[in-house]
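*Asks:* Structure provided below as structure tokens; questions to follow.
The values are calculated or read from the model by the stated rules, or taken from the named source; none is laboratory data. Being a predicted model, the structure only gives us computed values, none of them experimental. Every residue, glycine as well, gets a Cβ built from its backbone with ideal geometry; the counts of neighbours run over all protein chains shown.
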Amino acid sequence: MTDDDRPIDADNPADREDAPMGTTAAATQPDIASKPAQQWLADAERTDLSALVDTQRYPLHDADDPRLQAEIARVREDLDREGCAVLRGFLRPDALEQARQEGRDLSAKSYYASRRVNAWFTRDDATLPESDPRRIFMERTSGFVTRDMIPADTVIQQLYVSPAMKRLVAACLDEEEVFEYADPFAGLVQNVLPPGTEQPWHYDTNEYIVTMMTDIPDNGGEFQYCPNIRTPAGENYDGVGAVIRGEDETTPRTLLLRPGDLQLFKGRYSLHRVTRVGGDRERHTAIFAYSQQPGVVGRLERTRQLYGRVSEAHIEAEKRREGRADGLLD
Ligand SMILES: O=C(O)CCC(=O)C(=O)O
């Protein structure tokens, strides 16, 4: 008899409707509390993240816990004030060690693309004066491991799909709900920066990103940002230019990040960069992308640029977009 054929048994804790989500395996695995992170699989119904997350500090399973509520309130304040917030020591030390090792194994699968870009990722405009920041092009090397290559038993894949994680991110952003991307590549990626590479000053097109460093380089690879240096009302080209040219060294802040910290960052208005990685070790960061609506799939051209290939989902989504009549660019 398979588990599915088994009759419902009201005395079995796994069958009770009030059984906590994600804990049904406890009925057949008495040692579940000590089950190590690598024995779990990514599961979009699993709320028990105690094998991965420091749930003493961040009790994600209990939305009403005052410790969690206090953390969420602090994160909201930090995001409001400067567009950046960090949940220190989010991962348990053993889960971090696992994530670090998995990141190292995954890095062999990175797709690298190098190009010269300005902070807006726009083309050169020769009609502008040479001193205009839009004419400052910097070398950007991105190495990405895409979601389809990240196994279901990895720490970052388990975190990404968990409803507890989505609830946390939504609460921190004051959103009703957030959803995984439907994009087979972009929802979860590992960003790989080998020694000698950097991510120059830029803005994000997403309203926010959620990241977690899993491996830190020997030196360099620092995250720097200029809170709200531009606003919906204006680009502030003079201020931005001074930062990009290195004339203004006081506006950029350097965020001290340690592996296992969870970072939320609103990068649409805050110019930011990762400085050149030094030493011998790569810098690895997991990037968790969520959206307000389910079903988000990235643009075809952008996907090709970033990851060197596209999937059927991207091709089909682009056809549907082309069918739209509003004439907007994105
Ligand atoms: O790797 C990071 O810490 C952040 C990367 C970044 O700047 C970005 O994805 O926009």
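*Asks:* Just a yes or no: is a residue in the stretch 303-325 touching a strand residue (DSSP E or B) at 6+ places or on another chain (Cβ under 7 Å) and within 13 Å of the ligand (Cβ to nearest atom)?
*Replies:* Checked the stretch 303-325: at least one residue is touching a strand residue (DSSP E or B) at 6+ places or on another chain (Cβ under 7 Å) and within 13 Å of the ligand (Cβ to nearest atom).
*Asks:* Which of the residues that make up the stretch 264-279 are small (Gly, Ala, Ser) and either on the phi > 0 side of the Ramachandran plot or not in a loop (DSSP other than H, G, I, E, B) (or both)?
*Replies:* Here is the first cut: in the stretch 264-279, the ones small (Gly, Ala, Ser) are 267, 270, 278-279.
Across the stretch 264-279, the qualifying residues are Gly278, Gly279.
*Asks:* Residue check: is Pro217 over 22 Å from Arg135 (Cβ atoms), crowded, with 17+ Cβ neighbours inside 10 Å and more than 17 Å from the chain's Cα centre (by Cα)? Step through it out loud before you land on a result.
*Replies:* On the way: over 22 Å from Arg135 (Cβ atoms): yes; crowded, with 17+ Cβ neighbours inside 10 Å: yes; more than 17 Å from the chain's Cα centre (by Cα): yes.
Considered against the rule, which asks whether it is over 22 Å from Arg135 (Cβ atoms), crowded, with 17+ Cβ neighbours inside 10 Å and more than 17 Å from the chain's Cα centre (by Cα), Pro217 comes out as yes.
*Asks:* Among the residues of the stretch 256-289, which ones are near the ligand (Cβ under 9 Å from one of its atoms), over 20 Å from Leu159 (Cα atoms) and of a type outside the set (Lys, Arg)?
*Replies:* Residues satisfying the conditions are Gly267, His272, Val274.
*Asks:* While we're on this one: Can you say whether Tyr160 is within 11 Å of the ligand (Cβ to nearest atom) and in contact (Cβ under 8 Å) with a residue 60 or more places away in the chain, as far as the supplied structure shows?
*Replies:* Considered against the rule, which asks whether it is within 11 Å of the ligand (Cβ to nearest atom) and in contact (Cβ under 8 Å) with a residue 60 or more places away in the chain, Tyr160 comes out as no.
*Asks:* Looking only at the stretch 35-53, filter to residues that are among the aliphatic types (A, V, I, L, M) and either surrounded by 18 or more Cβ atoms within 10 Å (Cβ to Cβ) or out of contact with any helix residue (DSSP H, G or I) (no Cβ under 6 Å at 6 or more places or on another chain) (or both); which one of those is nearest to Val161 (Cα to Cα)?
*Replies:* This residue is Ala42.
Residues are listed down the side, and each one gets a yes or a no for (1) closer than 17 Å to Phe288 by Cβ; (2) out of contact with any helix residue (DSSP H, G or I) (no Cβ under 7 Å at 6 or more places or on another chain); (3) within 15 Å of the ligand (Cβ to nearest atom):
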| site | (1), (2), (3) |
| --- | --- |
| Lys166 | yes, yes, no |
| Cys172 | yes, no, no |
| Val178 | yes, no, no |
| Tyr181 | yes, yes, yes |
| Gly196 | no, yes, no |
| Thr205 | yes, yes, yes |
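A quick yes/no check of all residues on (1) over 24 Å from Ser114 (Cβ atoms); (2) among the aromatic types (Phe, Trp, Tyr); (3) in a loop (DSSP other than H, G, I, E, B); (4) more than 19 Å from the chain's Cα centre (by Cα):
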site	(1), (2), (3), (4)
Glu177	yes, no, yes, no
Asn191	no, no, no, no
Thr197	no, no, yes, yes
Thr205	no, no, yes, no
Asp238	yes, no, no, yes
Val243	no, no, no, yes
Thr251	yes, no, yes, yes
Arg281	no, no, yes, yes
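So that you can scan it fast, the table gives a plain yes or no per residue for (1) in contact with a Ser or Thr (Cβ under 8 Å, 6 or more places away or on another chain); (2) in a loop (DSSP other than H, G, I, E, B); (3) closer than 24 Å to Arg302 by Cβ; (4) at pLDDT 95 or above:
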position: Leu96; (1), (2), (3), (4): yes, no, no, yes
position: Arg100; (1), (2), (3), (4): yes, no, no, yes
position: Thr141; (1), (2), (3), (4): yes, no, yes, no
position: Phe144; (1), (2), (3), (4): yes, no, yes, yes
position: Tyr160; (1), (2), (3), (4): no, no, yes, yes
position: Met165; (1), (2), (3), (4): no, no, no, yes
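*Asks:* Looking only at the stretch 283-327, filter to residues that are among the acidic types (Asp, Glu) and not in a loop (DSSP other than H, G, I, E, B); which one of those is surrounded by the most Cβ atoms within 10 Å (Cβ to Cβ)?
*Replies:* Residues of the stretch 283-327 that are among the acidic types (Asp, Glu), as a first pass: 301, 312, 316, 318, 322, 326.
Then keep just the ones that are not in a loop (DSSP other than H, G, I, E, B); that gives 301, 312, 316, 318, 322.
Values: Glu301: 11, Glu312: 8, Glu316: 12, Glu318: 17, Glu322: 9.
Here the answer is Glu318.
*Asks:* Against the definition (surrounded by fewer than 18 Cβ atoms within 10 Å (Cβ to Cβ), on the phi < 0 side of the Ramachandran plot, without any contact (Cβ under 8 Å) to a residue 40 or more places away in the chain and touching a helix residue (DSSP H, G or I) at 6+ places or on another chain (Cβ under 7 Å)), how does Asp248 come out, yes or no?
*Replies:* Yes: the conditions hold for Asp248.
*Asks:* Any residue at all in the stretch 136-155 that's without any contact (Cβ under 8 Å) to a residue 60 or more places away in the chain, out of contact with any helix residue (DSSP H, G or I) (no Cβ under 9 Å at 6 or more places or on another chain) and either farther than 25 Å from Leu52 by Cα or within 15 Å of the ligand (Cβ to nearest atom) (or both)?
*Replies:* The answer is yes, given that some residue of the stretch 136-155 is without any contact (Cβ under 8 Å) to a residue 60 or more places away in the chain, out of contact with any helix residue (DSSP H, G or I) (no Cβ under 9 Å at 6 or more places or on another chain) and either farther than 25 Å from Leu52 by Cα or within 15 Å of the ligand (Cβ to nearest atom) (or both).
*Asks:* Continuing with the same structure: Tally the residues that are charged (D, E, K, R), in contact (Cβ under 8 Å) with a residue 60 or more places away in the chain and either assigned to a loop (DSSP other than H, G, I, E, B) or away from the ligand (no atom under 15 Å from the Cβ) (or both), restricting the search to the stretch 207-236.
*Replies:* Residues of the stretch 207-236 that are charged (D, E, K, R), as a first pass: 207, 215, 218, 222, 230, 235.
Those left that are additionally in contact (Cβ under 8 Å) with a residue 60 or more places away in the chain: 207, 215, 218.
Remaining after also requiring either assigned to a loop (DSSP other than H, G, I, E, B) or away from the ligand (no atom under 15 Å from the Cβ) (or both): 207, 218.
Here the count works out to 2.
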